[in-house]
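Scroll down for the structure; my scribbles are underneath it.
What follows draws every value from the coordinates through simple rules; no lab data is involved. This one's a predicted model, so the numbers in the text were calculated from it and none came from an experiment.
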Amino acid sequence: MRPTEEQTRENIIAAKLRKEKRETIAIWLGISISTIDKIWRRYNETGSFAATPYIGRKSSIDAETDDKIRITINEKPDLTLQELIDELSLPLTPSGLHRKLYRMGLSYKKKRFTHQLNNAKMYKKSEKNGVKSNQC
């Protein structure tokens, strides 16, 4: 959800200082009463009506661990995500590590190597109606 525009915040504070009712302000600006209450409370507590900046969540991995990840991937580029997590004892899930590596600009082996089964069925789309048919 986007923060309320600064001009709207200014209008809320000006109207509240003129002792206008919340319901009147809500109808006039087309916003909810709870939004007016939040902005007014923030103004009373801090003296500012600016939106609270969104900082996000702190990373569970520090710069030192980032360096270890980089070194390990450079030394062993064929590690899978789970192998990298196990080797470095990282507090991440494979999808979390994937996002981390993507942000770091690093690549990795996608999956563990498995042999292809000889009896696996192959399917292809039929030219008619897009229905799958057994090709074996």
What does the convex hull of the alpha-carbon atoms of the stretch 6-46 project to on average, in nm²? 2.5
Full extension between residue 14 and residue 68 adds, at 0.36 nm per residue less the Cα distance, a length in nm of 14.0 nm
So how much slack lies between residue 44 and residue 23, counting 0.36 nm per residue of separation and subtracting their Cα-Cα distance, in nm? 5.6 nm
Classified through the alpha carbon gyration tensor (a ≥ b ≥ c as square roots of its eigenvalues; rounded if a/c is under 1.5, else prolate when a/b is larger than b/c, else oblate), the stretch 63-104 comes out rounded
Could you pull out every one of the aspartates and glutamates with an alpha carbon less than 17 Å from that of residue 38, ignoring same-chain neighbours closer than 8 positions? 5, 6, 10, 20, 23
